[in-house]
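Read through the structure below, which is laid out as structure tokens, and then see the notes.
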Amino acid sequence: MNAIPTPPTSPTDPRQQALFMRACRREPVERTPVWLMRQAGRYLPEYRAVRSKVGFLELCKTPRLSAEVMIATVERLGVDAAIIFSDLLPILEPMGLELEFTAGEGPVIHNPVREPADLDRIRELEDVDRVGFVMETVAATRAGLDDSIPVIGFAGAPFTLAGYCIEGGTSKAWTATKSFMVRHESAWHDLLARIARGVSRYLVAQLDAGAQVVQLFDSWVGCLGPDDYRRYVLPHARTAIAAAAARAPVIHFGTGNPELLPLLAEAGGSVIGIDWRIDLDRGWELAGRDRAVQGNLDPVVLLADRDTVRRRTQAVLARAAGRPGHIFNLGHGILPGTPVENVLELVATVKAG
Ligand code: CP3
């Protein structure tokens, strides 16, 4: 990769003074920064136009196009940060899993892990160049944006990635995953430890490539209770986060069970993602006042009329009460079918305070 003129996480990088970065560090800001999970996605006609010409995985593996999709989205929406356009799952390919995105079903893994013996064919990601296209996407996204817009890299958390490896796709209850976890505890820890070390390298590589922040998505961990999270997941989440956290803010995001918030914070992350299942102020108490928080409007609100969008956005801001360290986001990704004008209304409302 070409040399990057400013050292990526240098304090003299102008991006370090952006609203979003200051909020990550819990410094006071003139207004709350905002970006949205899945801000580039199927709800946007421009995204659908790109996708009519190129498959999803191919798009993820074409840094120039991935960068273009996110740069156009950030400019259209006027948000304060750019998550790279990529996905949680391409990292599984160099680990030995056969991944496909199908039109109706979403992701499919053709050779899932079902028994401990299947771990023999799971390789740890030792060489991040196997997913070098992601680092190129980071660099291209950064290069194409104004230097007031920080770039967020990301990865799936060990539990959520193990869930896809074991289920072979997405799931509502994650029963095969949980059953593997309780039936084969030592193989489970072996699998999560391998994933966690690979994720750790991958997050650091995204910082090296020019990201200012990384987010760890534990999208489905809320199917666990606190004791099981502590026993089966927390040590691995900590491994995944530690090296990146020594260098930059890490956003640690989970959904589904607000009782896990203190444990997500214990595993690491200076910013804790909060979904809509708890009021923001109460979620912040659970995450700890020593953390910044990101959230937490229910994405379904964006399907309502614009007045409702405005009112509900203001209600989240009121819960944050101007305390330093709030990054406005949804509690989870934008839903397909969301009207673009509602997303613009949300952003305008946050910017108006
Ligand atoms: O705009 C952004 O936020 C950046 C891009 C991004 C995508 N996926 C693009 C995408 C990010 C950050 C992700 C992360 C991701 N991928 C997560 C964590 C976030 C979350 O929602 O919890 C998860 C669980 C995945 C796995 C995944 N990718 C699934 C289950 C699916 C199919 C279901 C769905 O929502 O489409 C995807 C596909 C996917 N990832 C799309 C996009 C824009 C749609 C693909 C298409 O164009 O058809």
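Quick look at the values:
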item	result
Surface accessible to a 1.4 Å probe, Val300 within the full protein complex, Å²	80
Amide H contacts under 5 Å for Gly169, placed H, 5+ residues apart	Ile109
Built amide H within the under 5 Å cut-off of Gln215, gap 5+	Gly153, Phe154, Ala155, Ile251
Proximal lysines relative to Lys61, as straight alpha-carbon distance under 22 Å, when same-chain residues fewer than 8 apart are discounted	Lys53
Candidate aspartates and glutamates - alpha carbon under 12 Å from Lys351, same-chain residues fewer than 8 apart omitted	Glu30, Asp80
CD proxy at 222 nm, helix term only [per DSSP H run n ≥ 4: -39500 (n - 2.57); per residue of the chain; nearest 500]	-12500 deg cm²/dmol
Karplus 3J(HN,Hα) series, Hz, for region 321-326 with 6.51 cos²θ - 1.76 cosθ + 1.60 (x for Gly, Pro)	6, x, 5, x, x, 10
By accessible area with a 1.4 Å probe, ligands and nucleic acids excluded, highest first: order of Phe217, Phe253	Phe217, Phe253
Karplus 3J(HN,Hα) series, Hz, for region 177-188 with 6.51 cos²θ - 1.76 cosθ + 1.60 (x for Gly, Pro)	5, 5, 5, 4, 4, 7, 7, 10, 4, 6, 5, 4
At 1.002 mPa s and 20 °C, Stokes D of the chain from Kirkwood alpha-carbon radius, µm² per second	106
Stretchable slack from Lys53 to Arg25, in nm (0.36 nm times residue separation minus alpha-carbon distance)	6.0 nm
Percent RCO, i.e. relative contact order, over region 146-270, from Cα pairs under 8 Å lying at least 6 residues apart	31
Per residue accessible area in Å² of the chain, where ligands, DNA and RNA are left out and the probe is 1.4 Å	39
Heavy-atom SASA rank of Asp120, Asp275, Asp290 (probe 1.4 Å, accessible area, largest first)	Asp120, Asp290, Asp275
Residue-span extension gain [Arg306 to His184] - 0.36 nm each, minus C-alpha spacing	39.0 nm
Accessible carbon and sulfur surface of the chain relative to its total accessible area, %, 1.4 Å	50
Region 19-352, dipole about Cα centre (Lys/Arg Cβ +1, Asp/Glu Cβ -1), debye to the nearest 20	600
Degrees between helix 340-352 axis and first principal axis of the chain (Cα, 0 to 90, nearest 10)	60
Heavy atoms of His189: accessible area, 1.4 Å probe, square angstrom to 10	50
Arg22, Arg323, Arg277, ranked by accessible area, largest first (probe 1.4 Å)	Arg277, Arg323, Arg22
Cross-link partners of Lys178 among lysines (Cα-Cα below 18 Å; sequence separation of 8 or more within a chain)	none
Segments 140-148, 49-57 sorted - mean Cβ within 10 Å per residue, highest first	140-148, 49-57
From phi via Karplus (6.51, -1.76, 1.60), per-residue ³J(HN,Hα) for region 244-255 in Hz, x at Gly/Pro	5, 5, 6, 10, 7, x, 10, 9, 10, 10, x, 9
Modelled label reach - Arg121, point 7 Å along Cα→Cβ, region 82-107 residues with backbone N closer than 12 Å	96-99
For region 26-99: relative contact order, % (alpha-carbon pairs under 8 angstrom, 6 or more apart)	30
Dipole moment magnitude, nearest 20 debye, region 198-318 about Cα centre, only Lys, Arg, Asp, Glu C-beta charged	240
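The values are calculated or read from the model by the stated rules, or taken from the named source; none is laboratory data. What you see is a predicted model, and the numbers here were worked out from it, not measured in a lab. In this analysis, Cβ positions are derived from the backbone assuming ideal geometry, glycine residues included, and neighbour counts consider all displayed protein chains. Note: areas computed on protein heavy atoms with side chains; ligands, DNA, RNA excluded. Shrake-Rupley method; radii C 1.70, N 1.55, O 1.52, S 1.80 Å.
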